[in-house]
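Since the structure comes first, as structure tokens, the remarks are kept for the end.
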Amino acid sequence: MRNIEREFSRGIDEHTQVLILSNIEMVLNYATRFYQRQFYTRAKVSNDIVQNFERLLISYFTEDRSTENGLPNVSYFASRLNLSSNYLSDLLQRFTGKTTQEQIHLALIEQAKNYLLASNKSISEVAYHLGFEHPSHFTRLFKLKTGYSPSEYRSLN
């Protein structure tokens with residue numbers, strides 16, 4: 001920061017902009033390093049958070065909270081874990097290779113598969129049971145993640 005200040009206090013010449021930008025880039029690189037280092041130095045804590053997230057996600061569906069509360073979202077889990085949404089997503093991305101939203105969608109699709117195969121509920125009833133307000137959103141997500149519509153999936157299995 002002092003180097004940037006010093007460059008501003010000197011007279012501006014053809015090298016000033018390049019030097020200031022180089023110093024700003026260095027500050028940003030240090031900030032990125034500091035942010036990412038916490039994932040390595042807190043590996044045990046981070047792993048515990050990932051496990052707690054997975055437990056919360058499973059319990060969300062096993063306790064049928066989706067029927068009452070609707071679809072789970074990133075901010076719900078982040079607040080339950082006392083983290084910011086961005087931090088939780090970064091942490092999960094680092095340890096699992098998937099963002100929080102992707103993890104939620106995977107769990108949602110697994111629940112949907114179970115309901116489709118284990119019950120005679122209509123596609124709309126399954127969608128509402130999982131917390132979707134509109135069955136068409138459920139159908140779209142299911143097809144995006146599995147390659148099949150819910151009814152195609154049910155008839156194949």
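Overview of values
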{"quantity": "Candidates GLU7, GLU14, GLU102, GLU25, filtered to the one that is touching a Ser or Thr at 6+ places or on another chain (Cβ under 9 Å) and farther than 30 Å from LYS143 by Cα", "calculated": "GLU7"}
{"quantity": "Criterion: more than 30 Å from PRO135 (Cα to Cα) and either touching a residue at least 40 places away in the same chain (Cβ under 8 Å) or not aliphatic (A, V, I, L, M) (or both) - qualifying residue of GLU54, GLU5, GLU68, GLU63", "calculated": "GLU5"}
{"quantity": "Breaking point among (1) in contact (Cβ under 8 Å) with a residue 24 or more places away in the chain; (2) over 28 Å from SER155 (Cβ atoms); (3) among the aliphatic types (A, V, I, L, M), for ALA78", "calculated": "(1)"}
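All of the numbers you see were taken from the coordinates with simple rules; none came from a lab. Keep in mind the model is a prediction, meaning the values are calculated, not measured. We place every Cβ from the backbone using ideal geometry, glycine too, and count neighbours over all the protein chains shown.
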